[in-house]
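Q: Structure incoming, see below.
Read the figures in this text as sums done on the coordinates, not as results from a lab. Just so it is clear, the model here is predicted, and its values are computed rather than measured. Here the Cβ positions follow ideal geometry from the backbone for every residue, glycine too, while neighbour counts run over all protein chains shown.
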Amino acid sequence: MNILIINSGSSSIKFQLIQMPSETLLCTGLVERIGQKDAILNYKTDLVDIKQIEQIENHSDGLQKVVDLLLNAEKGVIKNTNEIEIIGHRVVHGGNSFSNTTLITDAVKQDIKKFGSLAPLHNPNNLEGIVVAEQLFPDAKQAAIFDTAFFQTLPEKAKRYAIPKALFTEAQIQVYGFHGTSHKYVTEKALDYLQLKTSKIITIHLGNGCSMTAVVDGKSIDHSLGFTPSNGLIMGTRSGDIDHAIVFYLVNSLGYDLDKVNTLLTKESGMLGLTGYNDLRDIEAQAANGNEDCKLALIMNAYRIKKYIGSYTAAMNGLDAIVFTAGIGENSSLIRGLVCEDMDYFGINLDANKNDIRSKAIREINTKTSKTKIMVIPTNEELEIAKQAFELMN
Ligand code: ADP
C-alpha cells in the first residue's frame with residue numbers, strides 16, 4: 001500500500017511517499033517559500049535528486065507540481081494518482097477531541113478549523129494541505145495524525161493549570177502537548193528494545209523545539225510543553241520555563257507591547273538569546289573556542305533537562321530508561337554527556353566511549369552496571385504517520 005505523508009506549513013509542504021508494510025521510502029521532498037517567485041521544490045527518489053527554483057503561487061500550485069513529478073515518466077514513482085490509497089496529514093492540534101488517528105470527514109475538518117484558535121501558526125496550514133490533497137487525490141482516503149493525540153492520557157493533575165476552573169472548562173486552557181508523533185515513535189521503539197513487563201521511561205526530544213515526556217507502560221503521564229509549544233526546556237529560540245511576571249515587567253516597566261514580548265520569547269530567546277547562535281553545532285564550536293556565553297548556555301540547557309528528569313522520576317516513582325532523540329538528542333554527544341553527568345543517584349551512568357560513537361542505529365550508551373538504560377533512538381515522524389495511516393486502513 002502506498003501512503004503519502006503530508007506536513008503542510010505556512011509556506012512549505014514536506015512530503016514522503018512510503019510503501020507499507022515494508023516501510024520502503026519511495027520518495028521524499030520539500031516545497032519551500034510557497035507564495036514567492038523563487039520558491040524551491042526538492043524531490044528525491046532512489047534515482048533522482050532534483051532542486052527546482054520557480055514561482056509557486058500557493059499550496060495547491062505546490063502540491064500540483066509534486067504530483068507532476070510523482071507521475072513523471074522518468075522521474076516519477078507512480079503511474080496514476082489512484083496508486084496512492086491513503087494520505088496521512090500531520091495536524092498539530094486536535095484539542096481534546098482526538099486521541100487517535102482519524103479519517104478526515106467534514107466534521108473533522110470543522111474541528112481542525114476550530115482548534116486553529118489554539119494553534120494559529122499550524123492548524124490553518126494543515127487544513128489547507130488537506131483541502132488541496134482532497135482535490136488532487138480524489139480516490140485516496142485522507143487521515144489526520146494529531147501531534148496532541150499521544151498526550152490524551154495525561155492525568156488531570158498533570159494537564160491542569162492552577163488557574164480558575166472556568167478557564168479549563170469553558171476556555172479549554174490546559175496542557176495539550178506537542179511532538180507527540182515523535183514521542184510515540186521512540187517510546188514504541190524503546191519498549192520493543194527493553195522488553196519489560198512494566199516500564200517507566202522518559203523520552204527527550206531535542207530539535208529546534210525541545211520537549212520531554214514521562215511515559216508509564218507506553219502511556220504519557222506528563223509532558224514539558226503546555227498550552228502552546230513554549231513551556232519547559234530551553235529551545236533554539238524559545239525560552240522554555242520562565243516566571244510569567246517577566247511579561248508584565250517587560251510591558252509595564254520596559255515599554256514592550258505584547259507582540260514584541262511574543263517575538264522576544266518565541267523567536268529571540270532560548271539558545272539564540274543566550275549566545276547569538278541558534279544552531280547547536282555553532283554553539284558547540286564557539287564553546288570549544290572559549291566563548292563563555294556558549295559554554296554557559298550548554299550547561300543551562302543540560303541543567304534544565306536534568307531537572308525534568310528528576311521531577312519525572314519522582315512523578316513515576318522510578319526510572320527504567322531515558323531516550324534521547326531528534327537533531328540534538330541523536331547527534332550531540334556533548335549535550336547527552338552534560339545531561340548524564342552526576343546523575344548516579346538516578347541510576348544513570350553514561351559510557352563515554354559509547355556516547356561518542358556516531359550511528360543511525362538504536363543504541364544503548366550506558367555502562368554495563370547502569371541501573372537506568374540511556375538510549376539514543378533516531379526519530380521518524382513520517383514513518384510513524386505512515387504506520388498509523390496503515391493501521392487505520394486495516
Ligand atoms: P526540527 O525541530 O527543525 O525538526 P531537528 O530535529 O532537525 O529540528 O534538530 C535541529 C537541531 O539539531 C539544530 O539545533 C542542530 O544544530 C542540531 N544538530 C544537528 N546535527 C547536529 C550535530 N551533529 N551536533 C550537534 N547538534 C546537531
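Q: In the list 214, 287, 190, which residue meets the criterion of being at negative phi, among the hydrophobic types (A, V, I, L, M, F, W, C) and free of Cβ contacts under 8 Å to residues at least 60 places away in the same chain?
A: None of the others qualify; the one that does is 287.
Q: Would you mind stating whether residue 242 is loosely packed, with under 15 Cβ neighbours inside 10 Å, aliphatic (A, V, I, L, M), within 22 Å of the chain's Cα centre (by Cα) and away from the ligand (no atom under 12 Å from the Cβ)?
A: So residue 242 passes the test.
Q: Does region 253-283 hold any residues that are in contact with a Leu (Cβ under 6 Å, 6 or more places away or on another chain) and within 16 Å of the ligand (Cβ to nearest atom), and which are they?
A: The one that is in contact with a Leu (Cβ under 6 Å, 6 or more places away or on another chain) and within 16 Å of the ligand (Cβ to nearest atom): 278.
Q: Here is a list: 299, 305. Which entry is part of a helix (DSSP H, G or I), buried (at least 23 other Cβ atoms within 10 Å of the Cβ) and within 16 Å of the ligand (Cβ to nearest atom)?
A: 305
Q: Which of the helices (runs of 4 or more DSSP H) contained wholly in region 51-147 include at least 1 residues that are in contact with a strand residue (DSSP E or B) (Cβ under 9 Å, 6 or more places away or on another chain) and polar (S, T, N, Q)?
A: Passing ranges, in order: 123-136.
Q: Which one of these does residue 354 not meet: (1) out of contact with any Asp or Glu (no Cβ under 8 Å at 6 or more places or on another chain); (2) free of Cβ contacts under 8 Å to residues at least 40 places away in the same chain; (3) assigned to a helix (DSSP H, G or I)?
A: It fails just one condition, (1).
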